[in-house]
Structure formats: C-alpha cells, structure tokens
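Structure first, then comments.
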Amino acid sequence: MENTPSMVGSKSLRPLSIKGSELCIQSLTVFPFLISQNTLTPKHSTNLFECNSDSVPSVSAEHLTLARKHVVFLSRCVNVCLHVYISLPLSPSHAPFVSIETRVQIQESVRGKDVFVIQTVSKDVNTTIMEMLIMVYACRTSCARSITGVLPYFPYSKQCKMRKRGSIVSKLIASMMCKAGLTHLITMDLHQKEIQGFFNIPVDNLRASPFLLQYIQEEIPDYRNAVIVAKSPASAKRAQSFAERLRLGLAVIHGEAQDAESDQVDGRHSPPTVKTTGAIHPSMDIPLLIPKEKPPITVVGDVGGRIAIIVDDIIDDVSSFVAAAETLKERGAYKIYVMATHGILSSDAPRFIEESAIDEVVVTNTIPHELQKLQCPKIKTADISMILSEAIRRIHNGESMSYLFRNIGMDD
C-alpha cells in the first residue's frame, strides 16, 4: 500500500516471529488514514467484515493517539477492525505451519510497556487459547509493564456451570490466563456475567446492545411495529432490556425442547439414583425431585401482524432459532429478525438460515464470519470495533471506563 504525505506515518514495529503455528506478526504497519480538518477517516476499507466506510464515524486524531513509546499491540487476527480506529501498528501476517507446537519470540522490546494482546477466536478454539497464553507469558517474562488481553468473545463461556461429572471449563481458562501473566481483560457480552468472578484481575465486560439497538432503529423499516421475542424463558431478561429501551412489546416462547443449558442435565446425581416406584427414597426420608414435563409450545405475547425480533447473546447451532421462527410465523409474524452478539454459526448454520423463515440474522464482528456471509446473504454485521478501541485508549491513559457502561443496569 503506497504511503503518501497525507497519511499517518509508515512507522512499523520490528517482527514478532512465532514458529510452529499459524501465529506470526512480521510487519506491524500503521493503517493509512487521511487527515482532514484534524480528523481521521479510513482511506481504504480493508475491513473483512464488509463494514461500509461511510458508516465509520470520524474520530479526532487527539482522541485516538496513544503514546507510541509505551504501548505495543500484538495480534494474530487479520480481520480485527481496530486498525480503523487506532493509529498504531496493527497488521498481522501468517507464517507457514511447521510443527504441532507454538513458539513465540518477541523481537520488539516490551520492557516497561503496556502490551495489548488482541485475539479473535478462530475455528480451532484450542489453538487460539494456547497462542494467547504463550504470547502473554512471553510478554510477562520480557518484563512488560502490563498485559491486557482483548478477547471480543471469551471461549468456553457456555461451560460455566457444573454438568454431572464434568467441570467448569471457563473457570479453568480464566485461571490459566491469570497464571500466564494477564493483568487485565477486555471482553464483550459474557454468556454469564458471573464469569467475571472466575478472574483475580480486572475484567471489563463491554456490551454490544447499543450497536444492535442502533441497527434496529436505522436498518429495520417500521421497527415501531416490532415486538422483541425471547426464544426461551432463559433469554427473557435480555429481551426485556431490548424491549424497554426501544419502547416495544415483549413476547416469550415457552415449551420448546430443552437444550444443554437446562437444569435437566445439571445432573448432581452421584452416586446414581435408584429407580423407585414411590415418591420417597426407600432408605431415606428425602423427597425426590419431580421430573420436568415440557408443556406444549406457546407464545406469551401478541406477535400477529408484527415484526418479530429474536434476541440472544450467542448464535451457534441455529436449530432453536429456526424452530422459534417457524412458531412465530404460525402465530402471524410477517417478518422475523435474529439479533445476537456472537455469531459462531458453526457447521451447516448458514444453509439452515437460508432455508428457514428467518428474514435476517444480525451479529457483531466479535467472531470472524466472512465465509458464512458468503454462504448466506441473510447474515448481516454490526461493527463493534469502536468501543473496543475506546476501551484500549482509556485503559492505557488511565481514564475512567464508566462512560462505556452508562445506562447499563444490573440485569443488562
């Protein structure tokens, strides 16, 4: 990319070479910006999430500039959007896979500097975790002043409860990150807010709801005729928050098939229970819990002749969303949207969405989903990179983070 005097300088960091994995940052160059009336706007929209540059707001140079001598950005993710907003080097490249191990060697001095390790969760989530742990530990042993992890999507967040003889994996991941040397974590919309308690370091759990609400107001015609829908009682709180902020009605689908998040598989049954015919255990006076029986599917709330907007935090296996859309169609909803923060969209999710009654699926770019968008034009993206870059700037400058959490209640 040609550099001109109108662009922010071509200064680059020294290579960060990582052998034995796909992780290699060899040329961290400054993303070119045009300077016009003391504002920064992107000259080339290389955002792989296909966010229109017209929708990227101008941000003042003074607002974005960080002290180059005291901050270093490390990242393996090519598709991160932060380079649009941060006038610091962030252009990772990849090295060929050599062996099954990951080795990190930092060729840029990080002694006494604030290091921000930006890691987007890829399809191989276990490799992603190991890459981050090794990079954080390398910065720690290189005497970095602080090491902040930026994980827009926290992996294994759905495994935050005990399942029979399983384990609370998100607690294990949190402990590993803290042990590796992480001093701060920036993430977005944890599956359960209580996951923050698994860490013994500060955690900033940012919210994507302002961007999704903005999308509803600007991109959905006649959204005033919409109703916010929770596809299960478990997501009713999130739906209620959206409904109250948009001044819309609320509907809840009840009676759908139980999923892995239900209490039915919570399974604290050790030793195994003994089959009995009565209501009381034969050897103890302990009442047995009556098993659940799924009621017929019902929709609590009026969706007839309305736009139905289903909201949730994660959309991975889309079968429950497709079933909810079919139920809403049967109840008279004439258009159906699905809004979620993290679009994992694994397996055949794009095909199922394309063939379903869902009109549009809107997710943020916390997780790469370019391939899924090519497979299904119904998938749209809301860019949340601005709030992540602002969080980085405030942490580095020692400013308050409360501005990013304004109007957020305990139930949000």
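The values are calculated or read from the model by the stated rules, or taken from the named source; none is laboratory data. Computed from a prediction, not measured in an experiment: that's the story for all the values here. Heads up, the Cβs are rebuilt from the backbone with ideal geometry, glycines too, and the neighbour counts pull from every protein chain shown. In case anyone asks, the SASA skips ligands and DNA or RNA and just uses the protein heavy atoms, side chains included. Shrake-Rupley method; radii C 1.70, N 1.55, O 1.52, S 1.80 Å.
When only the heavy atoms of the protein chains count and the probe is 1.4 Å, how do Glu101, Glu293, Glu390 rank by accessible area, highest first? Intermediate values should be presented prior to the final figure.
On the way: Glu101 130, Glu293 160, Glu390 20 Å².
Result, largest first: Glu293, Glu101, Glu390.
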Any residue on another chain or 5+ positions along whose placed amide H is under 5 Å from the amide H of Ala230 is listed here as Ala251, Val252, Ile253
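With a ≥ b ≥ c taken as the square roots of the eigenvalues of the C-alpha gyration tensor of the range 360-412, please select rounded if a/c is under 1.5 and otherwise prolate if a/b is larger than b/c or oblate if it is not? Numbers along the way, then the final one.
On the way: a/c = 4.58, a/b = 1.97, b/c = 2.32.
Taking the square roots of the gyration eigenvalues as a ≥ b ≥ c, the range 360-412 is oblate.
Indicate, rounded to the nearest 5 percent, the antiparallel portion of the DSSP beta bridges found entirely in the range 289-395. Could you put the intermediate results ahead of the total?
On the way: 1 of 17 bridges.
Antiparallel bridges: around 5 percent, rounded to the nearest 5.
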The ³J(HN,Hα) series, computed from each phi in the range 176-192 with the Karplus coefficients 6.51, -1.76 and 1.60 at θ = phi - 60°, rounded to the nearest Hz and given as x for glycine or proline, is 5, 5, 5, 5, 5, x, 5, 10, 7, 10, 10, 9, 9, 6, 4, 4, 9
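What ranking, highest mean first, results for peptides 186-194, 346-354 when packing means the other Cβ atoms within 10 Å averaged over each residue? Show your work: numbers first, answer last.
Working: 186-194: 18.7, 346-354: 17.0.
In descending order of packing, they fall as 186-194, 346-354.
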Work out from phi, with θ = phi - 60° and the Karplus expression 6.51 cos²θ - 1.76 cosθ + 1.60, the ³J(HN,Hα) of each residue of the range 236-250, listed in order in whole Hz, and give x for Gly and Pro. 5, 5, 5, 5, 4, 4, 5, 4, 5, 6, 8, 6, 10, x, 10
Leaving out ligands, DNA and RNA but keeping every protein chain, what accessible area does Ile134 have, in Å² rounded to the nearest 10, with a 1.4 Å probe? 50 Å²
Violating pairs (Cα-Cα greater than 32 angstrom) within the set Lys294/Lys373; Lys292/Lys329; Lys179/Lys373: Lys294/Lys373; Lys179/Lys373
Over the range 337-412, what is the mean sequence separation of C-alpha contacts under 8 Å (at least six apart), divided by residue count, expressed as relative contact order in percent? 26 percent
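Remind me, relative contact order of the range 124-189 in percent, using alpha carbon pairs under 8 angstrom and six or more residues apart? Can you show the working numbers first?
Numbers: 65 pairs, mean separation 28.7, N = 66.
Result for the range 124-189 is 43 percent.
So which of Lys335/Lys380; Lys158/Lys335; Lys231/Lys380; Lys164/Lys231; Lys113/Lys171; Lys158/Lys193 end up more than 18 Å apart, counting from Cα to Cα?
Working: Lys335/Lys380 16 Å; Lys158/Lys335 29 Å; Lys231/Lys380 20 Å; Lys164/Lys231 26 Å; Lys113/Lys171 28 Å; Lys158/Lys193 11 Å.
Result: Lys158/Lys335; Lys231/Lys380; Lys164/Lys231; Lys113/Lys171 exceed 18 Å.
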Sort Arg207, Arg103, Arg247 from largest to smallest accessible area, using a 1.4 Å probe on the heavy atoms of the protein chains. Arg247, Arg103, Arg207
Surface accessible to a 1.4 Å probe, Tyr156 within the full protein complex, Å²: 60 Å²
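For the range 276-412, what is the relative contact order in percent, using Cα pairs closer than 8 Å and at least 6 residues apart in sequence?
The normalised contact order for the range 276-412 reaches 17 percent.
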Would you mind checking which residues have amide H under 5 Å from Val362's amide H? H placed 1.01 Å from N; only 5 or more apart, or other chain. Val338, Met339, Ala340, Lys380
Quick one: with all protein chains in place, what share of the accessible area of the range 285-396 is carbon or sulfur, to the nearest percent (1.4 Å probe)? 56 percent
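Apply the a/c threshold of 1.5 to the C-alpha gyration tensor of the range 143-238 and tell me whether it is rounded, prolate or oblate. Walk me through the intermediate numbers first.
Details: a/c = 3.99, a/b = 1.62, b/c = 2.47.
Oblate.
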